[in-house]
């Protein structure tokens, strides 16, 4: 009986029994003391020892119930429940759920529920606007009439809660991983295919390093003078310059280096 809600349920169950048995206060106290168990039994036994004997002898059911409320249903709990009742509205509850919640808390606000008219006004004031407007045109209604009409209005309204709960949320579109992989691989291939050779000289000749000539990706530029593709300085403007050795005053067919012995020629051929 340590929880307020359980304590309230226990007290109400005893009151129904007393009402059906038509017991007096002495009989009620005899019966209720046999219903206490566990920590509640120890609590009441200690309470009897600390009370004046005349109060123990004159204990009534209402006195006992007040002691139980002070112990297990404190004023702070009842005050919080009263505030919850005052602020209670239908919100996203169904009419049936709202009616049940309202009735469960009427005992915490007796000043607003001691007449049917007050209870009906509280019920109507907390309904959702579209249902409350439908009841407003009917004038004064009893609580039972207001509840029945609110249920009828709710029955013809779209079931928003059901729609929200059953609508399947589509997953977000997945990115096209295959297309992204294709784009990335193509970009990598294009960058590799058109990457310029390192240390590549500008078109028009110039000195060329051995690394450029041996690099398979290096392509000879087109010469601006002879329109041919070659590395290095163009020799076409000097007609008397040898293409074989680079010397002046003779052509390549007359180059003295062509007369070098067979061993040199074989070495040159082997270098190719």
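Tell me yes or no: at least one residue of the stretch 145-153 is in contact with a helix residue (DSSP H, G or I) (Cβ under 8 Å, 6 or more places away or on another chain), modelled with pLDDT of 90 or more, assigned to a helix (DSSP H, G or I) and more than 23 Å from residue 106 (Cα to Cα).
Checked the stretch 145-153: at least one residue is in contact with a helix residue (DSSP H, G or I) (Cβ under 8 Å, 6 or more places away or on another chain), modelled with pLDDT of 90 or more, assigned to a helix (DSSP H, G or I) and more than 23 Å from residue 106 (Cα to Cα).
If a residue has to be in a helix (DSSP H, G or I) and within 18 Å of residue 151 (Cα to Cα) to count, how many in the stretch 93-123 make the cut?
So the count comes out to 14.
Whether any residue in the stretch 38-48 is assigned by TED's automatic domain parsing to the domain that holds residue 8, within 56 Å of the chain's Cα centre (by Cα) and within 27 Å of residue 106 (Cα to Cα) is what I want to check.
Yes: one or more hits.
Can you name every residue in the stretch 76-92 that is within 21 Å of residue 151 (Cβ to Cβ) and either modelled with pLDDT under 90 or buried (at least 17 other Cβ atoms within 10 Å of the Cβ) (or both)?
Our first condition is that a residue be within 21 Å of residue 151 (Cβ to Cβ); within the stretch 76-92, this holds for 88-92.
Correct list: 88, 90.
Please state which one of 115, 96 is within 38 Å of the chain's Cα centre (by Cα) and either loosely packed, with under 13 Cβ neighbours inside 10 Å or touching a residue at least 60 places away in the same chain (Cβ under 8 Å) (or both).
None of the others qualify; the one that does is 96.
The values are calculated or read from the model by the stated rules, or taken from the named source; none is laboratory data. Model, not experiment: these values are computed from the prediction. Note that we place each Cβ from the backbone using ideal geometry, even for glycine, and neighbour counts take in every protein chain shown.
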